[in-house]
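Engineer: The structure is given below, and queries will be raised subsequently.
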Amino acid sequence: MKKTRLNLITLILCFISILSLAGCGQSNPAAPKAASPSSQSNDAKYPVTISNYDGNENPISYSYKKAPERVAVIHPGATELLLELGLEDRILSTIAPYGAPLDRIAEKHAKLTIMKAKYLPSQEELLEMQPDMIIGWAHNFRSSELGDVKSWQERGVGTFVMQSTLTKSQPTVDTVVYAFVADMGAIFGIQEKTTSYIQNLKDRIAKVQAATKDIPQKKTVIVLQDHFNGTFSVYDSHYLISNMIDLAGGKNLCQDITSFVGAEKVLAFDPDFIIYVSHDKNEDAKDLTDEEALKALHEVSTLQSMRAIQKGNIINLPFFTVNNGGIRTVDAIEKISHGLYPEQYQ
């Protein structure tokens, strides 16, 4: 299953493409965890040691002697968080987003330097950039892609694997989003801002849970992605979106990996709602509106017998939102919950 899971992430990235140094550090094995409360004071004290992962998802730590100033970002979800936190001047270069940037950070995003490579730069390109930190997917830090974590650390370059890209655990908002924000706060010395940011996210989720706590029976959901070639993926419990559904008051019917399957596998589910992982197959930089996503799903003739499609019970979430692991997460939880239980929010 683990190997299949890794292949899924890689294949999803391939699918998208078809559609169209801050001070020296040291590596020490340690149990991965968010920055400790002692390092999250208003005083940005360095060095600060962050526990993270290598390309094989083994725990590894790195000590930052000062806040990074030349960050290369290989996961656009990280780019959005840095912009949200006001760290745009620290971004050396980033890959293009998997769709449109959020409106509230679009102006900042338009000023960023976008890497030549569409989804993954070469090691040579990165070396020429001379970053002092690299943020990316777990599989990016393998010898076949960007090179292993230790080799970068030996050059004085900090590496950070986004928690949402780990494949050997079932992700939650706590272990992915909150941990990511807290780590960025410690690394960049802005713990007061990130602590407040996390609390705001928690408060918003608490309101959703309060609105849905007395629901007698949870609405059932599947998370469906169309690969436009007769095959589909249904996101299982090993994706963050599954925990997001739980927090929104729903129930994800898919618990096992169901990737690149035919319509008959999708039809085996009978959900109350479908969360449609939408993507504009003609324009990478554009997201489908809710109306466009509904129209696209209605045009899939092989799925028209599904009860959710017949009733129009479709919740549109762009691919980048589902696979963001950052600032879009709670926005999406609120949208899912409002879609499942509109009467609770009247």
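The values are calculated or read from the model by the stated rules, or taken from the named source; none is laboratory data. Keep in mind that this is a model prediction, so the values were computed, not measured. Glycine also receives a Cβ, built like all others from the backbone with ideal geometry; neighbour counts cover every protein chain displayed.
Engineer: Take the residues of the range 262-314 that are in a strand (DSSP E or B) and hydrophobic (A, V, I, L, M, F, W, C): which is nearest to the chain's Cα centre (by Cα)?
Structural biologist: The selected residue is 277.
Engineer: Please tell me if residue 287 is in contact with a Pro (Cβ under 6 Å, 6 or more places away or on another chain), among the acidic types (Asp, Glu) and closer than 26 Å to residue 331 by Cα.
Structural biologist: yes
Engineer: Could you run through the range 254-294 and say how many residues are under 17 Å from residue 339 (Cα atoms) and out of contact with any helix residue (DSSP H, G or I) (no Cβ under 7 Å at 6 or more places or on another chain)?
Structural biologist: The total comes to 6.
Conditions (1) farther than 22 Å from residue 86 by Cα; (2) more than 16 Å from the chain's Cα centre (by Cα); (3) not hydroxyl-bearing (Ser, Thr, Tyr); (4) not assigned by TED's automatic domain parsing to the domain that holds residue 90, marked per residue:
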| site | (1), (2), (3), (4) |
| --- | --- |
| 161 | no, no, yes, no |
| 171 | yes, no, yes, no |
| 175 | yes, no, no, no |
| 182 | no, no, yes, no |
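Engineer: Collect the residues in the range 315-346 that are part of a loop (DSSP other than H, G, I, E, B) and either more than 22 Å from residue 270 (Cα to Cα) or acidic (Asp, Glu) (or both), keeping them in residue-number order. Step through it out loud before you land on a result.
Structural biologist: Narrowing the range 315-346 to residues part of a loop (DSSP other than H, G, I, E, B): 323-328, 341, 346.
Across the range 315-346, the qualifying residues are 323, 324, 325, 326, 327, 328, 346.
Engineer: Can you name the residue in the range 250-276 that is closer than 15 Å to residue 229 by Cα and not charged (D, E, K, R) and, of all such residues, is modelled with the lowest pLDDT?
Structural biologist: 259
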